[in-house]
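Single-structure report; data block below.
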Amino acid sequence: MTKAEFFVRDRRLLTGFSIRQHTDFAPEGEDVVCAAVSSAAYMTVNTIQDIMKAHAEVHVDEDSALLRMTLEPGSVERCQDLMAGFKLHITALQEQYPENIQVILTEV
């Protein structure tokens, strides 16, 4: 099961996320649910860094299927719309595939 953890400050500001583990919907390489989560996560990171030129710490560990992104304090406010859209997308996927995706909100 994929665990999508969103880091929240002051009960409203999304400051980052961690996506870990495979969804186990289908065999690796054929898992469309895992591909949807990964694609949305990488699009979010790439947009934040390359399009918005915001600053974020990104860690990828392919061996443990982990992608973690934490926005630097000066970038949190201006990335809220994108982060909210990403959270909405992952939450909708969780509703469609509750056995494969778990969304977690963690106050930081």
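The values are calculated or read from the model by the stated rules, or taken from the named source; none is laboratory data. Everything numeric here is computed off the predicted structure, so don't read it as measured data. Cβ atoms come from the backbone with ideal geometry, glycine included; neighbour counts cover every protein chain shown.
Within segment 16-39, restricting attention to residues that are on the phi > 0 side of the Ramachandran plot and either of a type in the set (S, T, N, Q) or assigned to a loop (DSSP other than H, G, I, E, B) (or both), which residue is surrounded by the most Cβ atoms within 10 Å (Cβ to Cβ)?
Q21
Among the residues of segment 79-92, are any of a type in the set (F, W, Y) and either under 13 Å from the mean Cα position of the chain (by Cα) or closer than 11 Å to G16 by Cα (or both)?
The answer is yes, given that some residue of segment 79-92 is of a type in the set (F, W, Y) and either under 13 Å from the mean Cα position of the chain (by Cα) or closer than 11 Å to G16 by Cα (or both).
Please go through segment 72-97 and pick out each residue that is without any contact (Cβ under 8 Å) to a residue 60 or more places away in the chain, closer than 14 Å to E5 by Cα and in contact with a strand residue (DSSP E or B) (Cβ under 7 Å, 6 or more places away or on another chain).
The one that is without any contact (Cβ under 8 Å) to a residue 60 or more places away in the chain, closer than 14 Å to E5 by Cα and in contact with a strand residue (DSSP E or B) (Cβ under 7 Å, 6 or more places away or on another chain): T91.
Within segment 56-74, track down each residue that is in contact with a Ser or Thr (Cβ under 9 Å, 6 or more places away or on another chain) and part of a helix (DSSP H, G or I).
P73
Checking the conditions here, which among V33, V103 is more than 23 Å from R9 (Cβ to Cβ), modelled with pLDDT of 95 or more and among the hydrophobic types (A, V, I, L, M, F, W, C)?
When all the criteria are applied, what remains is V33.
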